[in-house]
Amino acid sequence: QVQLVESGGGLVQAGGSLRLSCAASGLTFSSYAMGWFRQAPGKEREFVVGISRNGYSTNYADSVKGRFTISRDNAKNTVYLQMNSLKPEDTAVYYCAAARTSTEAVPRLRYGYWGQGTQVTISS
């Protein structure tokens, strides 16, 4: 059974930092591109960033470029999201997702597995 479990969310002041983790199980982790999505109240779920199978390629949404960094450790079946210079508009539930791929591509769509999400709240 595939499971993606996010952790590390919380309440942080604007300008602060937070590091999210996503632990995967029940899949061959290195066969999947991994991504982070978020959904703010009253908004559609949006793509934040993705990383290719071996971490060679990344794809960031314009809104987080220069502030967020995605990384992965295939030996630990874990993907991370380092979030710096946080803004109130970053407040959302953050979801980890996995997309099967045979290349080093970083998709923004067709993620087949999803975690339950972790709440990130940035105070002003």
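The values are calculated or read from the model by the stated rules, or taken from the named source; none is laboratory data. Keep in mind that what you see is a predicted model, and the values were worked out from it rather than measured. Neighbour counts run over all protein chains shown; Cβ positions are idealised from the backbone, glycine included. Heavy atoms of the whole protein, side chains included, go into the accessibility calculation; ligands, DNA and RNA do not. Shrake-Rupley method; radii C 1.70, N 1.55, O 1.52, S 1.80 Å.
Structure above, values below:
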{"item": "S71 paired with S57, simple spin-label distance in nm, labels 7 Å along Cα-to-beta-carbon", "result": "2.2 nm"}
{"item": "Within straight-line cross-link reach of K43, lysines at Cα separation under 22 Å, skipping those fewer than 8 residues along the same chain", "result": "K65, K87"}
{"item": "Distance-filtered residues of region 21-65 - backbone nitrogen under 16 Å, label point 7 angstrom along S102 Cα→Cβ", "result": "31-33, 53"}
{"item": "C-alpha center-to-center spacing [region 45-78, region 3-31] in angstrom", "result": "11 Å"}
{"item": "Solvent exposure of region 1-55 as accessible area per residue, Å², 1.4 Å probe", "result": "48 Å²"}
{"item": "Length-normalised contact order of region 1-48 in % [C-alpha pairs under 8 Å, at least 6 apart]", "result": "31 percent"}
{"item": "Accessible carbon and sulfur surface of the chain relative to its total accessible area, %, 1.4 Å", "result": "45 percent"}
{"item": "At R0 = 25 Å, FRET efficiency that the Cβ-Cβ distance of E89 and V2 yields, to 0.05", "result": "0.20"}
